[in-house]
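Here the structure is laid out as structure tokens; the discussion comes afterwards.
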Amino acid sequence: QVQLVESGGGLVQAGGSLRLSCAASGRTVSVYNMGWFRQAPGKEREFVAFISWSGGSTFYTDSVKGRFTISRDTAKNTVYLQMNSLIPEDTAVFYCAAGTSPHYRYTRGYDYWGQGTQVTVSS
């Protein structure tokens, strides 16, 4: 079992920044790929960013490229999502997830999920 706890969400004005954290515990989390997803009201959960177990590969959905950066600190068992130049369309509940599947853009590619943290961007 892997437990994931997100933090760092909040209310921010458009153009501002937030850094989300995902603290992992349980089984050896360093072997897991990690992803960030988000879900806006009335919409399906969508892929945002991915980092491989080694940290050597990262991928982003097009709408956040150049604005968001995913990283991981293996020693702290923590994954981060630095979000800059936030826009109102980024408003959503953000979830981190852990898995070993190569299908990193899909929710089915992950075995463990956090409870989510709310991000609200005002215009």
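Just a few scattered comments:
- V121 vs. criteria open to solvent by less than 20 Å² (accessible area, probe 1.4 Å), part of a strand (DSSP E or B) and either under 14 Å from V12 (Cβ atoms) or among the basic types (K, R) (or both): yes
- Qualifying residue in the range 58-65 (condition: touching a Pro at 6+ places or on another chain (Cβ under 9 Å), farther than 22 Å from A23 by Cβ and at pLDDT 95 or above): no
- The strands (runs of 3 or more DSSP E) falling completely within the range 1-103 that include 1 or more residues that are touching a strand residue (DSSP E or B) at 6+ places or on another chain (Cβ under 9 Å), open to solvent by 80 Å² or more (accessible area, probe 1.4 Å) and of a type in the set (S, T, N, Q) map to 2-7, 10-13.
- Residue pairs whose Cβ atoms lie under 8 Å apart, sitting 6 or more positions apart in sequence or on different chains, and linking a residue in the range 14-27 that is under 18 Å from W113 (Cα atoms) to a partner that is modelled with pLDDT under 95 and part of a loop (DSSP other than H, G, I, E, B), are A23/N77; A24/Y32; A24/N77; S25/N77; G26/Q1; R27/Q1.
The values are calculated or read from the model by the stated rules, or taken from the named source; none is laboratory data. Nothing here was measured: the structure is a model prediction, and the numbers come from that model. Backbone-built Cβ (ideal geometry, glycine too); neighbour counts: all protein chains shown. The protein model used for the area step is the full one, side chains on, heavy atoms only, and it has no ligands, DNA or RNA in it. Shrake-Rupley method; radii C 1.70, N 1.55, O 1.52, S 1.80 Å.
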